[in-house]
Each structure stands twice: as C-alpha cells, then as structure tokens.
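Here's the structure, in structure tokens; my notes come after.
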Amino acid sequence: MDNGNYEMLLNAVPEIRAYTYRKILHADLVQDRCSVLVSDPEGWQPGDGSLTGQLADFARSGAIHPGDMDRFVAFTRLQQLRAAPQAGQEARTLIYRRQVPGGYRWNLMEVVPDQKTGEVQSAILCFKDVHDALREGFKLARSKRDMQMAAILKCRYQMMNTVYLDSGMCERVDLRQDYDPDKVLTGDYSLYIQTALARFVHPDDAEIFRSTLSLEHLRETAATIRDYGEEVCQYRLQGETLRWIELHVLYGRQRDQVMVNILGQDVTEDKLQEAAKLQALEDRAYLITSLSSLFFSTYYIDLEQDSFRAVTQQRRVGDVLGDEINFTAALRLYANHFIHPDDRERYLSAMDVERLRRELRWWTPYVAVEYRKLPEDPSAGAEAYSWTRATAVLARTGSDDMPKTAVYVARDITRELDDPASVPHHGPF
C-alpha cells in the first residue's frame, strides 16, 4: 500500500491507529470495482477486481457462520453499499461470526464514506476481529447486571447460600453488608445443615427443614430441573422470642449443571400480621355463631355477589329456601311464604340488596325492618301473628368504604310489643 492510499485511509478512519484491521478495501461503488489496501495472511485473500465478486467469494468460502450468512449477503449487496452514509456521518456496520478451527470469532465490517470525494461514489470497507472486545463488553454487562441483581436481593433478603452439588460445599454471603470476598464463608453444606438443626431450628420445624434443605434432596430435585425451579421453607428459630425465617431454594440450569442458591429472610412481622388476621376472622366467626343463639335466623350476605350463606335458620325456612344461594331470590321466597301480605313490600324494600349497597356505611352501620310473621297454622286468626325484627348489619367494607358483606339477623319481638311497659325500640336489634 503506498503512502497516498495509507493517508487516505487514516483520514477516512481516524481510529485505525487504535485497532488492527484484517482486511481493508477501497471500493468504487459506481463501477463495482475494488482495490486491496490491507490484507492479513489469514483466511480469505481478496484481490483487485469486482467488489461484489470478491464479497461473494468470501461468502462462499465457508468462513461466515451459517446463522449470519443471510445478514451478510443482504448487507453487502451493491445497492446497500451505495446507501452508505455521506461524508462526516457514522459508518454503517455489520457484526458477524467468522468460523475458525474449534469455533468462531466475532468480526466487524464497516463501510466508511471516502472523505476524499465526500460523495457516495467510493467507500472504504474495513474488516476487523472484535471478539475479545465483545467478550469484555459482555463481562462488563454481566457485572452490571449482577450488581443490579444484588441491589434487588439486598432489598428483600438478608442471607444467600450457594450450594455446589458436586462437591457438597457451600458459600454463605451476608447480603446486608457490602460484598467482600474475604467475608464469604465457605464450608461443608451438610455440616451447616446439621449445625442449624441442632442449634437454631425449632424442633417442631426440624422435619420440614431437613426434608427441604438436605443435600440429598437438593441433588434429587436438581436432577429433575429442566430450566428453573423453586421451593420455599418456613421455620421458627429456637428461643423464647418467636422468630420466623423463610428460605427460598432456587434451582437454575446452566448447560449441564444446576446452580442452587438459597435466599433467607426474616418474616416474623408478616407471620404475626397473618396470625392476627386469622385470629380476627376466627373471633368474628365465633362472635357471629355466639350471637346467632339470640336470633332464630342468621345469614352471612355477600353484597357484591348478591349471595348468602346460612349460619342458623329454622328448619321450615330451610325447607322452603332449599339450595337457593341468591340473596334477592331467597328474600322473595321467604316473604311469600312467611310474611303477612301487607308487610311484604316494605320488607323487600328495606332488605333490597341495592339499598343495602347504597346505605350501609360506617356511619350508618345497619338497616332494620319489623314485620308480621304468618303462623304455622293457616287457619289461625290475627291474634296468632307474631312480630319479627330483621336487621342487616355492615360487616366488611372495601378501600372505598363501599360495603362488601353484611350479617342478616332476625328475632321475635312479639313479647316486647305486647308489654305495656315497653318503649319504642330504636336500636338495630
């Protein structure tokens, strides 16, 4: 290559001093001709002549990975090369894999406009090996991804164990501290499990701990993993103060190996809140069951689904309602069979599910209605009628204060109304 051509190349590609180009061609895109400026002795040896012919020879030489062949052919068509950027713009590039003995290496092809003409009539075609640079880039990307993943893990977990199934060794890292290789604890995993069972795990949880975390179990489970798997183990620590630990055992296959990472976190607060909610539900159920003894009918109403569930009810009412679960339909069945005709519409209006949805709030926690109940003997006179008070009490609301569930109760108030000393009743029951 003469000095004139070399200076032209330096002007066209200022970064050339920083890289080693394997092949450099100067191309006349109008005449479809090229001349060789640089060519290393390895592999394809271009020559002066037809540009498209030289590139076709390269493609047919078997040097390009089959998975990249279509992209290479499309990129090196003469029409595509003529669409190269104008002078002063960035080069057009193609990354492809070049086959070498034992594998492949990543290569870069650049099409740079000829600065000498400033027009898309001629261009410089540069080929260079960028495999090592890409590998370093991938390593950097993985390192950045690992740091991002570490930040996510530190937000949720306190400890991480990496188990090497082949050797039975493990590495233990405290995620609450900045990573320091000198602070990574390495040891025999089975011994770690034995120590944990003896000194830390509550005896009542020892079996679930052992069955989930033993080395034998990890190996057996890993053998079934095709891509990813996860198991969860919750256990209590020994000691007077209750503490719950939750371990996530993560299995991930990487080629012919399965990586096992065990992430641990303290979930005592979550377990206490869960226990408190469960206790509240049990207390509520117990309260409803206990109070139901004061009423001849008690129902649990889902206002969103317009459905109900009987807690207590008279046998003859149950015979009439049967398997009905729709609240509105059950109200009408009940009214037609057990409520005085003159009181039916007032009862149905008061207990209408749309009205309950509209009116029940924390500041209006109940809706009540009184009605005359028909006697069991249809031939009995008016004196045989009894009076009943039915009340729907707000039980649960949503985040928007809209009612979700209510408790329906009914009790006989005939004696209260017959007692001359009784006063008007203004409460819910």
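Listing for the model above:
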| item | result |
| --- | --- |
| Candidate set: segment 201-235, residues that are of a type in the set (Val, Ile, Thr) and part of a helix (DSSP H, G or I); chosen: the one farthest from the chain's Cα centre (by Cα) | 208 |
| Selected residue [open to solvent by 90 Å² or more (accessible area, probe 1.4 Å) and modelled with pLDDT of 75 or more] from 146, 166, 129 | 166 |
| Cβ-Cβ under 6 Å pairs, at least 6 apart or on other chains, segment 86-102 side under 13 Å from residue 114 (Cβ atoms), far side open to solvent by less than 70 Å² (accessible area, probe 1.4 Å) and at pLDDT below 75 | 87/118 |
| Failed item, numbered, when residue 275 is tested on (1) open to solvent by less than 40 Å² (accessible area, probe 1.4 Å); (2) out of contact with any Cys (no Cβ under 8 Å at 6 or more places or on another chain) | (1) |
| Qualifying residues in segment 356-411 (those that are hydrophobic (A, V, I, L, M, F, W, C) and in a loop (DSSP other than H, G, I, E, B)) - the one modelled with the highest pLDDT | 360 |
| Of the criteria (1) in contact (Cβ under 8 Å) with a residue 24 or more places away in the chain; (2) open to solvent by less than 40 Å² (accessible area, probe 1.4 Å); (3) closer than 18 Å to residue 170 by Cα, which one residue 201 fails | (3) |
| Whichever residue in segment 21-40 is in contact with a Lys or Arg (Cβ under 8 Å, 6 or more places away or on another chain) and modelled with pLDDT of 80 or more and, among such residues, is surrounded by the most Cβ atoms within 10 Å (Cβ to Cβ) | 27 |
| Test: residue in segment 193-206 that is at pLDDT 75 or above, over 30 Å from residue 99 (Cα atoms) and touching a Cys at 6+ places or on another chain (Cβ under 9 Å) | yes |
| Residue list for segment 343-355, restricted to those being without any contact (Cβ under 8 Å) to a residue 40 or more places away in the chain and either open to solvent by 50 Å² or more (accessible area, probe 1.4 Å) or closer than 23 Å to residue 398 by Cβ (or both) | 344, 345, 346, 349, 352, 354, 355 |
| Residues being open to solvent by less than 70 Å² (accessible area, probe 1.4 Å) and over 59 Å from the mean Cα position of the chain (by Cα) - total across segment 383-393 | 2 |
| Pick from segment 356-375, criterion over 16 Å from residue 410 (Cβ atoms) and open to solvent by 70 Å² or more (accessible area, probe 1.4 Å), ranking: farthest from the chain's Cα centre (by Cα) | 363 |
| Hits in segment 93-120 - residues which are modelled with pLDDT under 80 and within 18 Å of residue 54 (Cβ to Cβ) | 114 |
| Criterion (open to solvent by 90 Å² or more (accessible area, probe 1.4 Å) and polar (S, T, N, Q)) met by exactly one of 241, 195, 212, 221 | 241 |
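The values are calculated or read from the model by the stated rules, or taken from the named source; none is laboratory data. None of the values given here were measured: they were computed from a predicted structure. Don't worry about glycine lacking a Cβ; one is built from the backbone with ideal geometry, like all the others, and counts go over all protein chains shown. With ligands, DNA and RNA removed, areas are computed over all heavy atoms of the protein, side chains included. Shrake-Rupley method; radii C 1.70, N 1.55, O 1.52, S 1.80 Å.
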